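One structure below.
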Amino acid sequence: MKNQLENLKNQIILDINNANNLENLEVVYNNHFSKKGSLSQMMGNLRNLSPEERPAFGKLVNDTKEVVLNHFNLKKEELETAHLNQKLESEKINIHLPGDNLKSGSIHPLNLIIEDISNYFVKNGYEVVTGPEIELDLYNFEMMNLPVGHPAREMQDSFYFDPNVLLRTHTSPVQARTMLAKEGKPLKIICPGKTYRRDEDDQTHSHQFMQIEGLVVGEGISFANLKHTLQDMLNYLFKGEAEMRLRPSYFPFTEPSIEVDVLFTKKDGTKQYIEILGAGMVHPNVLKMGGYDPERFTGFAFGIGVERLAMLRYQIEDIRNFYTNDIRFLKQFTEEF
Ligand code: FA5
């Protein structure tokens, strides 16, 4: 019987060695190690032995089983590793393939100007605020010292939803909103945003355009402060190369009022002044309506035309280019395309 056991051991080892994949190895397990397998049958032979012989042979069978089981486990581990490696190999990603060339967009030239101007003012202690594009007549006109029937309303014809609600014609209503919100405290704000007018579109006019409003209210704010601020901002934007011209003007919400032009050199070398903003000292009526005592507080305000600045800076001769979404035009402002 010992010989029989020895033969079985050799057979099992041979079967294990011959198994070249996990499925074959499982067959080996079922044939030899399962309940009805050859090793269990060998144990069953104990019945044919005398009670004295049984313990020694039982031990021999168990020792043999342990040896072949170790061999089996080693083989199983080896086949599992081979299987995993094969799987990893087949799932390997080829990192050398060229990627998809996704085209990223870029910042619109008008937003580049807004970012730049905002940086300038934030550095100088201004807060950036926003206001609604659909505005009440109250803020757009009345609180800007333009009561119903005021002839200067003609200067800014608008798109109305009803007699009290319109697309804002300028960013100035944010002045009124901010003054009310600040409840009489000194303030320094800018407000970039879209504005709308029933203007005929031409090279320098668009029915939709952007403005950046500025408002400073405090004690002792003077016209000199306004002039310095505008000159300093233009120096920053045009690296000291912009020639600024102030013209007396009229706005119902400022007194005195000015318009600011910058000398623009066209592509053909000829020069032309282009109006970029309106400004002035805040009218006492506007201060009063905003909750400020005009005897104690003064202020200055300005409204910059963003497209006009962009035209100067990027040498663009027609404002309509900003809104036609021609990729060839926009491409000039980025290297990313
Ligand atoms: C105003 O809108 C005043 N709210 C500006 C202001 C603010 C004055 C605070 C005093 C104090 P005006 O209508 O001039 O002013 O417009 C200001 C700037 O917006 C102009 O200088 C111009 O650069 C730009 N602008 C006006 N209309 C158009 C248009 N149709 N298309 C493009 N830009 C325009």
Could you grab me the full set of residues in segment 1-25 that are exposed (fewer than 14 other Cβ atoms within 10 Å of the Cβ) and either among the hydrophobic types (A, V, I, L, M, F, W, C) or in contact with a strand residue (DSSP E or B) (Cβ under 6 Å, 6 or more places away or on another chain) (or both)? Leu14, Leu22
Kindly provide the set of residues from segment 216-249 that are touching a Lys or Arg at 6+ places or on another chain (Cβ under 7 Å) and away from the ligand (no atom under 16 Å from the Cβ), ordered by number. Glu219
Determine whether Leu110 is touching a helix residue (DSSP H, G or I) at 6+ places or on another chain (Cβ under 9 Å), outside any loop (DSSP other than H, G, I, E, B), under 23 Å from Arg197 (Cα atoms) and open to solvent by less than 90 Å² (accessible area, probe 1.4 Å). yes
Could you list, in sequence order, the residues of segment 26-48 that are surrounded by fewer than 11 Cβ atoms within 10 Å (Cβ to Cβ) and farther than 14 Å from Val61 by Cβ? Lys35, Lys36
Take the residues in segment 188-199 that are under 16 Å from Tyr126 (Cβ atoms) and out of contact with any Leu (no Cβ under 7 Å at 6 or more places or on another chain); name whichever of them is most open to solvent (accessible area, probe 1.4 Å). Lys188
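Would you pick out the residues in segment 1-57 that are polar (S, T, N, Q), in contact (Cβ under 8 Å) with a residue 60 or more places away in the chain and outside any loop (DSSP other than H, G, I, E, B)?
none
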Go through Pro252, Pro294 for me and flag whichever is more than 9 Å from the ligand (Cβ to nearest atom) and closer than 15 Å to His170 by Cβ. Pro252
Exactly one condition in (1) touching a Ser or Thr at 6+ places or on another chain (Cβ under 8 Å); (2) more than 18 Å from Tyr323 (Cβ to Cβ); (3) of a type in the set (Gly, Ala, Ser); (4) open to solvent by less than 20 Å² (accessible area, probe 1.4 Å) is false for Ser222; which is it? (4)
Identify the single condition in (1) in contact (Cβ under 8 Å) with a residue 24 or more places away in the chain; (2) part of a strand (DSSP E or B); (3) open to solvent by 50 Å² or more (accessible area, probe 1.4 Å) that Ala301 does not satisfy, given that it satisfies every other one. (3)
Can you name every residue in segment 58-70 that is open to solvent by less than 70 Å² (accessible area, probe 1.4 Å) and free of Cβ contacts under 8 Å to residues at least 40 places away in the same chain? Gly58, Asp63, Leu69
Of all residues in segment 258-286, how many are outside any strand (DSSP E or B) and surrounded by 23 or more Cβ atoms within 10 Å (Cβ to Cβ)? 1
Assuming Phe121 fulfils every condition listed in (1) touching a helix residue (DSSP H, G or I) at 6+ places or on another chain (Cβ under 9 Å); (2) open to solvent by less than 20 Å² (accessible area, probe 1.4 Å); (3) in a loop (DSSP other than H, G, I, E, B) apart from one, which condition is it? (3)
Please go through segment 304-313 and give me each residue that is assigned to a strand (DSSP E or B) and within 6 Å of the ligand (Cβ to nearest atom), ordered by number. Gly305
Can you tell me which residues in segment 144-155 are at negative phi and either away from the ligand (no atom under 13 Å from the Cβ) or open to solvent by less than 20 Å² (accessible area, probe 1.4 Å) (or both)? Met144, Leu146, Pro147, Val148, His150, Pro151, Ala152
Out of (1) buried (at least 16 other Cβ atoms within 10 Å of the Cβ); (2) outside the structural domain of Val282 (by TED's automatic domain parsing); (3) of a type in the set (S, T, N, Q), the odd one out for Asn140 is which? (2)
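The values are calculated or read from the model by the stated rules, or taken from the named source; none is laboratory data. Remember, it's a predicted structure, so these values are computed and weren't measured experimentally. Note that we place each Cβ from the backbone using ideal geometry, even for glycine, and neighbour counts take in every protein chain shown. Ligands, DNA and RNA are excluded from the accessible area calculation, which covers all protein heavy atoms including side chains. Shrake-Rupley method; radii C 1.70, N 1.55, O 1.52, S 1.80 Å.
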